[in-house]
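First up is the structure itself, then whatever we jot down about it.
The values are calculated or read from the model by the stated rules, or taken from the named source; none is laboratory data. A quick note: this is a predicted structure, and the numbers were derived from the prediction, not measured. Note that each Cβ is placed from the backbone with ideal geometry, even for glycine, and that neighbours are counted across all protein chains shown.
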Amino acid sequence: MSVDGDGTEQGDGGADEPGWDVDPDDESGVAVVAAVGRQIKAWREAAGLRAAEFGAAIGYGEDLVYKVEGGRRIPRPEFLDRADDVVGAGGKLSAMKKDVAEVRYPKKIRELAKLEAQSVELLAYGSHNLHGLLQTEEYARALFGMRRPAFSADEVERLVAARVARQSIFDRSPAPELSFVQEEVTLRRHLGGRMVLRRQLERLLEVGQLRNVEIQVMPTGRDDHAGMGGEMQVLKFRDGSAVGRSEGDFGSRPVSDPKHLRIIELRCGIIRAQALTPRESLAFIEQVRGET
């Protein structure tokens, strides 16, 4: 199997193979994909189609059909739509897009997205790059493309799609309170190139106008800084509980113990006080955009 320049995988016969590999350690994801695959196979056989015929009818290779039916490949939405039409499933296969959507992203990201979707307040401090919820699609793609060891083109697209999907948090009603503090360097580093950064800065200015969002900049020239330990984040929920993570502390793992949370919240509070105000920060971002 090879990868074209646009990130589309090619099977041995040259047919497009869009989709994502199943993580064998993701038990819930494996179960869902296997169930979807069995349904596709049952509908195909009921329609009297061999795998090769079915693949040709929906525009994909026979190898991909076998992988999807065997639960080894996560089908993309268009695969399910075309399959539904070809076998006359009356929308039953297309309806599985929702189930597939919930497992198409890595388990760790799904768990984070679930917490973000349930939160009523988010506090975050970013030191190396912009917070994932603030990133444009092209900025995220550039960021993932720089990872070493390198991700495959398919993995990059999967991670980018997951990151963009998380940003539905901005459309929630009632809206959660979102507070971000970003190091000045994250606004100046040309990840992906100058124009990618410029569009990213424009996105920050747009999001920063939302009533439930505060974006603050920590200037590089500050003499006092409570965030030298690295990135931090706290998510608070309607029932009063919370979960936090601080880079380098508590094994860099999410914590919910009140004693640990108090430390992270204390640092976040001091960082917010040391940074520029939201109004000053938007003016600063505007200035940096003009220089980019």
Subject >> Only listed residue being within 28 Å of residue 278 (Cα to Cα), in contact with a strand residue (DSSP E or B) (Cβ under 6 Å, 6 or more places away or on another chain) and either part of a helix (DSSP H, G or I) or not assigned by TED's automatic domain parsing to the domain that holds residue 28 (or both), chosen from 123, 112 >> reply: 123
Original post:
Based on what the data block shows, is residue 163 in the same structural domain as residue 223 (by TED's automatic domain parsing), surrounded by 15 or more Cβ atoms within 10 Å (Cβ to Cβ), in contact (Cβ under 8 Å) with a residue 60 or more places away in the chain and basic (Lys, Arg)?
Top reply: no
**OP:** Could you check, for the range 86-96, whether at least one of its residues is in contact with a strand residue (DSSP E or B) (Cβ under 6 Å, 6 or more places away or on another chain), in a helix (DSSP H, G or I), outside the structural domain of residue 154 (by TED's automatic domain parsing) and surrounded by 15 or more Cβ atoms within 10 Å (Cβ to Cβ)?
**Re:** no
Subject >> Subset of the range 105-116 (residues that are surrounded by 17 or more Cβ atoms within 10 Å (Cβ to Cβ), among the charged types (D, E, K, R) and at pLDDT below 90) >> reply: 110
Original post:
Name the pairs whose Cβ atoms lie under 9 Å apart, with the first residue in the range 208-221 and over 13 Å from residue 182 (Cα atoms), the second among the hydrophobic types (A, V, I, L, M, F, W, C) and in a strand (DSSP E or B), and 6 or more positions between them or separate chains?
Top reply: 210/178; 212/178; 213/178; 213/180
**OP:** Could you tell me which residue of the range 252-278 is nearest to residue 221 (Cα to Cα), considering only residues that are assigned to a helix (DSSP H, G or I) and of a type in the set (Gly, Ala, Ser)?
**Re:** 273
**OP:** Being among the hydrophobic types (A, V, I, L, M, F, W, C) and either within 30 Å of residue 278 (Cα to Cα) or modelled with pLDDT under 95 (or both) narrows it down to one of 101, 42, 56, so name that one.
**Re:** 101
Original post:
Out of all the residues in the range 54-62, is one or more closer than 17 Å to residue 21 by Cβ, assigned to a helix (DSSP H, G or I) and over 26 Å from the mean Cα position of the chain (by Cα)?
Top reply: no
Subject >> In the range 117-131, the residues that are within 21 Å of residue 237 (Cα to Cα) and either out of contact with any Leu (no Cβ under 9 Å at 6 or more places or on another chain) or surrounded by fewer than 20 Cβ atoms within 10 Å (Cβ to Cβ) (or both) >> reply: 117, 118, 120, 121, 125, 131
